[in-house]
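Enquirer: Dropping the structure in here first, questions after.
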Amino acid sequence: MSIHRDIALPQTLSDLIRTRDEVVALLTKAHATFDEAKSRAEQIGRYTVSMDILPRRTLRESIQEIDRKSWRAAFDLAGFNHIWDAKAVAEFEESLRRDPAPFTDAAVRGTFMDMLPRRDEFFARGLVRVFRMLSGNYKRHENAAFEVPRKLICGYWCRPSFASGGHMLVNDSARGDEFRDFMRVVWTMTDRAFDPRAVVAEVQRQWQEAGEYRDQYIRLIPYRNQNVHIHLLSEPLRDRINGVIAEHYGERAVGSKRKAA
C-alpha cells in the first residue's frame, strides 16, 4: 500500500544547495574581511577593534547553523514531516545538534537516494509505533501484528485550562507528542496537509465550544481525568490503518485471528 505519491522536485533541492553554497561563500568572505580589519587595526594598537563589532560565532559555527537549517528545510520539502513520528524527529534533531553533515550536493544526493524510496516504510514504522503507544496490550509482543479498534482511550492527552474558564487543552507534555503523532497519521491517511499548530488550535476550539472534537473521520472527547476517548468514525480509514499495520508485519490482510486492541 503506497501512502505517498508526491516527492520534492530535484530542482527545488538543487536551488536549496546552491543558496546554501552562496551563503557559505558570503560568510567566508565576511569573516575574512573582519579578520583583515582586525589585523590592520592592531597596527594602531591592541584591541582597537571592539569585540562588539566582531562576529559572535566562528565561521565554522555559522556554517553549521546554516547546514542545520538547510537539512530541516530539505526534509520538509521532501514531506518527511508527514511520515516521521516524534521519536524519529527527536533523533534527527539530535544528529543535527551534535555535528550536522555539510549540506552539499553529494551529501544530499546520498541521503535522499537512500531515504526517498523508503518513505512508505518510514511512515508505516511510525504508524505502528503510534498505535502501540495508544494501547498497553501489545507492549509484551513487539513483533506481533494487531488491529486498531474503533475506540481507544489515551491517558494524559489533555489538561484543564484554569486561565480560560476551565475548558480542556491538549497536554503540552510528552503525551502531547503522542497526540500530534496520532493526528499526523490521521491527516496523512486522509490526504490532508498536516499543520500541527492549526490542528491543535482547531481541536481546542471545538473542545471549548462543543466539549468534543469531531470531523468526518474521528471524534475526540476530553475528560477531567485527562483521558481522551478516540472514536474512529470512518471504517475505510480504520481499514487503511490496519492494512498498513498488516503489511508492516508481512501480512496482506488483517485477520480475525489477531486480538483487537
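Enquirer: Could you tell me whether any residue of region 194-201 is surrounded by 14 or more Cβ atoms within 10 Å (Cβ to Cβ) and without any contact (Cβ under 8 Å) to a residue 12 or more places away in the chain?
Expert: Scanning region 194-201 turns up no residue that is surrounded by 14 or more Cβ atoms within 10 Å (Cβ to Cβ) and without any contact (Cβ under 8 Å) to a residue 12 or more places away in the chain.
Enquirer: Hey, among T28, T19, T33, T12, which residue is modelled with pLDDT of 85 or more, closer than 20 Å to G110 by Cβ and surrounded by fewer than 16 Cβ atoms within 10 Å (Cβ to Cβ)?
Expert: Working: T28 fails: closer than 20 Å to G110 by Cβ; T33 fails: closer than 20 Å to G110 by Cβ; T12 fails: modelled with pLDDT of 85 or more.
Just one listed residue meets the conditions, T19.
Enquirer: If you don't mind, there's one more thing I want to ask. Within region 70-79, how many residues turn out to be surrounded by fewer than 16 Cβ atoms within 10 Å (Cβ to Cβ) and modelled with pLDDT of 90 or more? First the steps, then the outcome.
Expert: Initial filter on region 70-79 (surrounded by fewer than 16 Cβ atoms within 10 Å (Cβ to Cβ)): 76.
Pick out the ones that are also modelled with pLDDT of 90 or more and you get none.
The total comes to 0.
Enquirer: Could you identify the single residue in E209, E178, E202 that is more than 21 Å from L134 (Cβ to Cβ), of a type in the set (D, E) and in a helix (DSSP H, G or I)?
Expert: Details: E178 fails: more than 21 Å from L134 (Cβ to Cβ); E202 fails: more than 21 Å from L134 (Cβ to Cβ).
Criteria check complete, one pass: E209.
Enquirer: Separate question: Would you point out the residue of region 151-167, among those that are loosely packed, with under 13 Cβ neighbours inside 10 Å and farther than 16 Å from N227 by Cβ, that is modelled with the lowest pLDDT?
Expert: Among those that are loosely packed, with under 13 Cβ neighbours inside 10 Å and farther than 16 Å from N227 by Cβ, it is S164.
The values are calculated or read from the model by the stated rules, or taken from the named source; none is laboratory data. These numbers come from a predicted model, not from an experiment. Positions of Cβ are backbone-derived with ideal geometry, glycine not excepted, and every protein chain shown enters the neighbour counts.
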